[in-house]
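The block underneath contains the structure these notes are about, expressed in structure tokens.
The values are calculated or read from the model by the stated rules, or taken from the named source; none is laboratory data. What you are looking at is a predicted structure, and each value in this text was computed from that prediction instead of being measured. For neighbour counting, all protein chains shown are included, and Cβ atoms are generated from backbone atoms with ideal geometry for every residue, glycine included.
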Amino acid sequence: MSSSDRRTFLSGLAAFVPAGCGFRPLHGTEGAGGDLRGRVAIAPPETRDTFVLNARLEDRLGRGEAAAYSLSYDLSTRRVSLAISRTQDTTRYNIEGALRFALRDLSTGAVVQSGQVQSFTGYSATGTPMAAQVAENDARARLMVILADQLVTRLMAGAAGRAP
């Protein structure tokens, strides 16, 4: 089979397979992920970490101006020492985070989806105390973005399961 014949065959097969199995793109204009855009009211932030988390969630899901769902969450983080020098100074830390969440239907109050996502980031604590604080703040912000992205992925995957 020549190269152009193979390409024609594969492109024809690729067009046929999704249509045959009821495939519906998650992020497309008619995708299940779009069903959540602008329809989720997110719990208000209470800390710097949850402010960054909410900002990323709003970037991905939009503001819940026409909310059909409410998203509540419980964030927990902890700092773990990783590297200790000969002088007993910690030079590297991990920030571990876990985010438990519940998505509720506002019309019924029923929990539509719930679960937990978790991850970690690291930073170096060498240098001045100010540099270490800036590095920790950056690591926490990166962790909030990671957790928000994982959460949105879970919510969209759940929306695809609820789609008609």
### Query
Any idea how many residues of the range 111-125 are in a strand (DSSP E or B) and more than 14 Å from the chain's Cα centre (by Cα)?
7
### Query
What is the number of the single condition among (1) among the hydroxyl-bearing types (S, T, Y); (2) without any contact (Cβ under 8 Å) to a residue 60 or more places away in the chain; (3) in contact with a strand residue (DSSP E or B) (Cβ under 6 Å, 6 or more places away or on another chain) that T87 does not meet?
(3)
### Task
Evaluate the range 129-143: report whether one residue or more is of a type in the set (V, I, T) and surrounded by 14 or more Cβ atoms within 10 Å (Cβ to Cβ).
no
### Query
Restricting the search to the range 58-109, which residues are farther than 19 Å from D138 by Cα, more than 18 Å from the chain's Cα centre (by Cα) and of a type in the set (S, T, Y)?
S85, T87, S107, T108
### Query
Going through the range 136-164 one residue at a time, which ones are closer than 30 Å to S85 by Cβ and either acidic (D, E) or modelled with pLDDT under 95 (or both)?
E136, D138
### Query
In the range 147-164, which residue that is over 16 Å from F51 (Cβ atoms), within 14 Å of the chain's Cα centre (by Cα) and hydrophobic (A, V, I, L, M, F, W, C) is surrounded by the fewest Cβ atoms within 10 Å (Cβ to Cβ)?
A157
